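Inspection log for the structure reproduced underneath, given as structure tokens.
Bear in mind that the values in this text are calculations on the coordinates, not laboratory data. Not measured: the values here are computed from a predicted model. So basically every Cβ, Gly included, is an ideal-geometry build from the backbone, and we count neighbours across all protein chains shown.
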């Protein structure tokens, strides 16, 4: 099940996870970026990927995706290595990303009211 | 941007961060657990800062690294199109004050206080006041009891803004925690209105 924490005794080495690439990815992600898998099981682009990458993609299925911090926690990885790995996957078109709300959006009173109203109903 | 498809990305709820601060052992993770739709998760970051508590200025030794852990939970608010992430520190709070990525873009904070150990919450109050991040104070009532009034707690914390809400709560009670978050939203809304109304 996708929501179960996936932890092993050892942290995977970053160079193994990034397929040997050490250059910084072009896509820069933050801990509160939402990422969503762009490929899934059964896609040709998916099935040949390293197992660890498939695990990552399975943790952020569409339509909702997951925050980078949550994927890092479920993979048992620290944030910085995880953002590098996810940036690499984004560079390759294997996942989409949505930046967090910032600037004009965070100070939009109407959005804040919608959040408040929705929260009042939980 | 590679991999970024605005039309498709519109579907996903946008993450919004709320920080839960306060002294060690005050019940931050309990508070997160009370409202989260998932079991709280723990993530770690390695922070490096030049010369924290180190007086050796010799190259590598001048840099110290420390691992900071965060416990967090989430609340999906589908109608608003956002997902709230509540981040609380299990300890070592003085270190996450240096964690800019955590603070960047946060909507606001809840400062949880234990009135038996009020001084443990002073750093968090000072920090958010200095950074200008809106916050509310939640006084955790251990065993359902709280000998102090909200005004007494407000005075003891020497809050810079006398309008800062101080609420009594049981960090284990979902509705209490929700009410504290609603109060935080009200504070953020008031502040945003005041900012946009200003000439």
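Summary table
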| item | result |
| --- | --- |
| By average C-beta atoms within 10 angstrom, highest first, the peptides A:35-48, B:118-131, A:85-98, B:166-179 | A:85-98, B:166-179, B:118-131, A:35-48 |
| The range A:14-120, relative contact order [Cα under 8 Å, separation at least 6], % | 36 |
| Neighbouring partner chain Cβ atoms per residue of B:67-80, average, 10 Å criterion | 4 |
| Rounded if a/c under 1.5, otherwise prolate or oblate - the range A:14-120, Cα gyration tensor axes | prolate |
| Shielding by partners, peptide A:83-89 (average Cβ within 10 angstrom, other chains) | 1 |
| Residue-averaged beta-carbon neighbours from other chains (10 angstrom radius) around A:57-67 | 3 |
| Two-decimal Rg/Rh across the range B:100-199, once Rg and the Kirkwood Rh are taken from alpha-carbon atoms | 0.97 |
| Separation of the residue A:108 and residue B:119 label points, Cα + 7 Å toward Cβ, nm | 4.7 |
